[in-house]
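To start, the structure under review is shown below, and the notes come after it.
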Amino acid sequence: FEIYVNSIVDAIENTRSFLFVFRDRTSEERADEMKNEFISIVSHELRTPLASVLGFMEILLHRDIPKPKQQKYMETIYKEANRLSNLINDFLDLQRMESGKQAYQMIPFDVSALVREVAEQWQGKQDHRIELRIEPGIHMTGDVDRMTQVMHNLLSNAIKYSPEADRVAVHIARSGDEAVIEVQDFGLGIPDEAKDKLFTKFYRVDNSDRRQIGGTGLGLSIVKEIVESHQGSLTFESELGVGSIFRIRVGMYRATGLGDKVVIIED
Ligand code: ADP
């Protein structure tokens, strides 16, 4: 806070009034930071795919290009436009969440069922077999759509960053009064020097083993933001060339018991 004080002297009434102005500098600064960040992101992250879309479009429109080459250019345009669209969606999602504008619909739900459902959606879609170890009937209080997004992001990474592997594993179990969800892969792993930057917005590991793998560098930031909004924690263990485990811990829902019973109070 910054406080400004103005004193106003009224000579006729012979009184003195004070005007206090409280200004929340932190929230103004935060808004400024977000604006600056947005500008730097627009200039770096969005311009690159856009420049490539425009460049290829220009060639297609103004030059005589043989048919097979045209097809290749259009595929590149499509890929880059898609990247742009994902980047904008992820970025807006994250911005909404961080600014507190994302409303969470918190309800009790069966998170074992959610984990199974998302995993089954990936089953058969890729070359990877999804191994499930699900303890049934674990409930938590949370936003079903957002928790679904968390599972999709982690599974998509596990598959994307293990191109040589044929399986990923998904677990959920109780541990004390917490639900522990794990997504494990047997893929590229994360180099030690990248570990403390992994949840930083737009950070992508720049090793030669994954330069061809597309992404925005926002997926894990979104996962972390959502998990923490559920008072949960997100951690990982990883070894380069061996694989990674991403682990979420969230509090379990405990029914009070009153909800399921009809309580009759006699007078
Ligand atoms: P993106 O996948 O869009 O680049 P993320 O925020 O999801 O962004 O991940 C950040 C970086 O962390 C990725 O670029 C990738 O190198 C690394 N990473 C994430 N998940 C895994 C994983 N399961 N295995 C290996 N590396 C991973």
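The values are calculated or read from the model by the stated rules, or taken from the named source; none is laboratory data. Keep in mind that what you see is a predicted model, and the values were worked out from it rather than measured. Ideal geometry is used to build each Cβ from the backbone, glycine not excepted, and the neighbour counts take in all protein chains shown. What goes into the accessible areas is simple: the full protein's heavy atoms, side chains included, and nothing from ligands, DNA or RNA. Shrake-Rupley method; radii C 1.70, N 1.55, O 1.52, S 1.80 Å.
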What distance in nm separates the two pseudo spin-label positions at residue 95 and residue 18, each 7 Å out from Cα along the beta-carbon direction?
4.1
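Over the chain, what relative contact order in percent results from Cα pairs under 8 Å that are six or more residues apart? Intermediate results must be reported in sequence, preceding the final value.
Numbers: 365 pairs, mean separation 39.5, N = 267.
Normalised by residue count, the contact order of the chain is 15 percent.
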Cα atoms only: what Rg and Dmax, in Å, come out for the chain?
25.5, 91
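Excluding ligands, DNA and RNA, what is the solvent-accessible area per residue of the range 17-144 at a probe of 1.4 Å, expressed in Å²? Walk me through the numbers before you get to the answer.
Numbers: 8850 Å² over 128 residues.
Roughly 69 Å² per residue, with all protein chains present.
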For residue 133, put the label point 7 Å out on the Cα→Cβ axis and report which residues of the range 175-190 keep their amide N under 18 Å from it.
175-176, 178-187
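When you count, for each residue, the other Cβ atoms within 10 Å and take the mean per peptide, how do 164-172, 189-197 rank with the highest first? Before the final figure, lay out the partial values.
Numbers: 164-172: 17.8, 189-197: 13.8.
Highest mean packing first, the order is 164-172, 189-197.
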Projected onto their principal axes, the Cα atoms of the range 57-151 stretch, largest extent first, over whole-Å spans of 62, 38, 12
D (Stokes-Einstein, µm²/s), Kirkwood Cα radius, the range 80-121, 1.306 mPa s at 10 °C
124
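Taking all protein chains together and a probe of 1.4 Å, list 218, 19 from the most accessible to the least accessible. Before the final figure, lay out the partial values.
Working: 218 0, 19 85 Å².
So, going from the largest accessible area down, we get 19, 218.
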Inter-site label distance for residue 78 and residue 61 at 7 Å from Cα along Cβ, in nm:
2.1
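Take the solvent-accessible surface of the protein heavy atoms, probe 1.4 Å, and return the percent of it on the chain that carbon and sulfur atoms account for.
Looking at the chain in its full context, I get 51 percent from C and S.
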